[in-house]
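Shown next, in structure tokens, is the structure this report addresses.
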Amino acid sequence: MDGEIRNYEKEILDYWAKEKIYKFDPKKKGKVYGIDTPPPTVSGDMHVGHAFSYSQQDFIARFRRMMGENVFYPFGTDDNGLPTERLVEKLNSIKSRNMPRGEFIDQCLWTLRKITPDFVQQWKNLGISADYDMFYSTIDKNSRKISQKSFIDLYKKGLIYKKDFPTIWCVECQTAIAQAELEDKEEKSLFLTLKFSAGGTDLPVSTTRPELLSACVAIFVNPKDKRYQWTKGKGNSSKLGQVKAKVPLFGWEVPIIADESADMKKGTGAMMVCSYGDKYDAEAIRRHNLVPKIIFNYDGTLNSGICKGMKIKDARKKIIDELRTKNLIVKEEPIVHALNVHDKCGTEIEFLPTEQWFIKILDKKKEWISLGKKIKWYPEYMRKRYESWVNGLDWDWTISRDRYFGIPIPVWECKSCGEIILPDERELPIDPTNIKITCPVCKAEAVGETKVLDTWATSSLTPQIISSLVGSKKIKIPHSLRAQAHEIIRTWTFYTIVKSYLHEKKLPWNNIMISGFVTLHGEKMSKSKGNVINPNDVMDKYGADALRFWASGSKLGENMDYREEDVLAGKKFITKLKNASNFVFMNLKDYKPKKPKKMEKIDELFLKIVNNCVFTATSRFEGYDYSKAKSNIDELFWKFFCDNYLEIAKWRVYNGSKQEKESAFYTLYQSLLTILKLIAPIMPFITEELYQKYYRKNEKDKSIHISKWPEYNKKQELAEGNWRELGWANRFFVFTDLISKVRSKKTEDKKPLNFPVVLTLDKKTYNSLKEFHQDLKNVTNAKEIKEGKEFKVEFVD
Ligand SMILES: [Zn+2]
Ligand SMILES: [Zn+2]
């Protein structure tokens, strides 16, 4: 562990906190640049994916701040719903279901109070420049109030409804969940063809879910399917399905229904409709007014028949055994198929009819798409993901959850007449289960809703929550930026756009930046695979700057492999910055920055190179392309500054005349300050350290991070892209190229680098570098520069 790095990083953190460098002041000058922060879910440790994506948004926040914008960058945690509930259960070895609701909620709040400070400290350690005094938790009083107000507003607008409906259900978490919480999981299974029969004829039907046999309510065949014309029966009916199908093993009969949705190419073309195998079943049963047979309990056990009390998987085994024994299977094919599982627990989802609350979203797909187009996406291609999610939506948004911990749905329902009663907004936040009221219509007792809101129903309101923190009208929606990872486009991005539009007909933000995730040897990290990198360990070993340097290596939106050597490259950069700065200021001890009357030509030329890098890096940062900005700055620092300019300036620093020295001092001072400022958004600690040590006494700003971003001088020749071909820039390259050629010649001949030489240059080079002959002599220790046919180095004995 590099204790030294951690120590100075710690000191700098204290300095920032003491001096309130990142404190937001709504009265400050400058356009407000508001960042809609992703609130992480409190857990023990920050994971490396957090370190990656939060660093990337912080690069932008710091850049904007130095550009003179009034950066509004609050910090919050998402403490709502399932993940917190599961964490609290784990940490305290309790089960929410086995204790009174109030007691469990107290446990959650108590646990959160205990673990949140250490959790947030890790974001501070990483150098995330949020204003931590502008703090919110999605479960705090203010957030509860905003979330319940949102529910009431949408309910009053007719955009929320309650419906008893087969919804996506997790039997592990025992709650309804939303489509956005589904993940695909590949699993081995059996594709079975079962022996149904109808009117004495065999009717083979294929399925992957034989355990649903007793929930089968119909067989669907396609009306065009030639194989099933016989189901018209013996009468003169033109309709298929005049005979009924007999369910194997159970013996009861179900109708055969001609329905165009039956896929003739799948299995035998005849398909089982069960209540409920999937969304298709739910839709089919509704369409044909069939009576569902619900065979599961909420916990996924079967409620009747030969498998009563068994879990779904065990029931599947038992049914298959029975079918095999009774010779009711025509064909068994092993397959691998993608299952829908709950993203929080990995359990295969079911469909169960329960009463839930929904927000209407399906009828506005066009609006969602067009809103998405009004936002600037970085990278632009992420908008496609958003659009394909919207286009694939099948359900309205289920916002209720059958859990304990969460924001209560603020309604009462009259037991007698069914009236829905809403609280007065001034009373919010409330828990309707704690308040007894009578129905205003029939005076009967009204019951408080026991369901809570899904966490996304609240985190989709972060733009409104953060605005409310300021208590000033200055922070208006849309905010400038939403920063987040790509896997939650379908949830966080989408739902936030939905809420802002439904409430205020507004965009939540003007820009959205999307980070990728971190892999290890190409694989997604997960605790179960044991391939997890703890960013705290990396920071302890190499410092936060080195970890951030690694995070800047990936383009926005792209996934990146964690590689220790990339972090090491960051560490090397830090060391080099330190060494170069120490060298410069060893010679500039009492230097007072002042532009000399006469500048050396080569210094002017180098400052032009610096100016060009300012131009490119600025436009990269403006376009959220911090990784290219970093490459430009990296090149300026290593190649131009360290490898060449320092060598060029050295001779004059030691041996030059007063005027030559002044020109070199000025150039060194300014160019190094510019480099430190350019890389400051990416490496905030080392740049602050060096700024305080060497620059603070002459510069007015108390931190490099609130100093002015280097301004490029437009008067100088600039042209992005082809600037290397420009005459003046090219001369600098020719010059530095000559230096390295002379150096390698000396190394080849085992001569010391200061060994005297005579240089011969071809006519073109000789003439184009005429103004720099003295510098070239100084740097290469050339006694003479001659014009000749071709380049030549001769040693002077
Ligand atoms: Zn679950
Ligand atoms: Zn009533």
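General remarks:
- Taken together, the residues in the range 396-425 that are away from ligand 1 (no atom under 16 Å from the Cβ), assigned to a loop (DSSP other than H, G, I, E, B) and within 19 Å of Tyr155 (Cβ to Cβ) amount to 11.
- Counted residues, the range 322-343 - those being within 46 Å of the chain's Cα centre (by Cα), surrounded by fewer than 11 Cβ atoms within 10 Å (Cβ to Cβ) and either assigned to a loop (DSSP other than H, G, I, E, B) or without any contact (Cβ under 8 Å) to a residue 60 or more places away in the chain (or both): 0
- Strands (runs of 3 or more DSSP E) wholly inside the range 169-284 containing at least 3 residues that are buried (at least 21 other Cβ atoms within 10 Å of the Cβ) and in contact (Cβ under 8 Å) with a residue 60 or more places away in the chain: 182-198, 216-221, 271-274
- Scanning the range 414-425 for residues that are closer than 28 Å to Thr84 by Cβ and either surrounded by fewer than 17 Cβ atoms within 10 Å (Cβ to Cβ) or free of Cβ contacts under 8 Å to residues at least 24 places away in the same chain (or both) yields Leu422, Glu425.
- Residue, modelled with the lowest pLDDT, within the range 464-504, restricted to residues that are among the charged types (D, E, K, R) and out of contact with any strand residue (DSSP E or B) (no Cβ under 9 Å at 6 or more places or on another chain): Lys473
- Residue match in the range 642-652 (condition: in a loop (DSSP other than H, G, I, E, B) and either under 24 Å from Leu481 (Cα atoms) or under 39 Å from the mean Cα position of the chain (by Cα) (or both)): no
- Count of the range 406-424 residues which are touching a strand residue (DSSP E or B) at 6+ places or on another chain (Cβ under 7 Å), more than 13 Å from ligand 2 (Cβ to nearest atom) and over 13 Å from Tyr161 (Cα atoms): 3
- Residue ID - nearest to ligand 1 (Cβ to nearest atom), chosen from residues in the range 435-459 that are farther than 17 Å from Ala176 by Cβ and open to solvent by less than 10 Å² (accessible area, probe 1.4 Å): Ser459
- Condition met for Ala680 (buried (at least 20 other Cβ atoms within 10 Å of the Cβ), under 21 Å from Asn698 (Cβ atoms) and at pLDDT below 95): no
- Here is the figure for the range 6-51: residues that are in contact with a strand residue (DSSP E or B) (Cβ under 8 Å, 6 or more places away or on another chain) and acidic (Asp, Glu) total 2.
- Applying the condition of being within 15 Å of ligand 1 (Cβ to nearest atom) and open to solvent by 20 Å² or more (accessible area, probe 1.4 Å) to the range 344-395 and asking which residue is nearest to Ile295 (Cα to Cα) yields Glu348.
- Filter result for Glu355 (acidic (Asp, Glu) and either in contact (Cβ under 8 Å) with a residue 12 or more places away in the chain or in a helix (DSSP H, G or I) (or both)): yes
- Scan the range 56-95 for residues that are among the charged types (D, E, K, R), in a helix (DSSP H, G or I), farther than 19 Å from Thr458 by Cα and open to solvent by 10 Å² or more (accessible area, probe 1.4 Å) and the total you get is 4.
The values are calculated or read from the model by the stated rules, or taken from the named source; none is laboratory data. Source: prediction; values computed, not measured. Cβ: placed from backbone, ideal geometry, glycine included. Neighbour counts: every protein chain shown. For the accessible areas, the whole protein counts, side chains as well, though only heavy atoms, and no ligand, DNA or RNA atoms are used. Shrake-Rupley method; radii C 1.70, N 1.55, O 1.52, S 1.80 Å.
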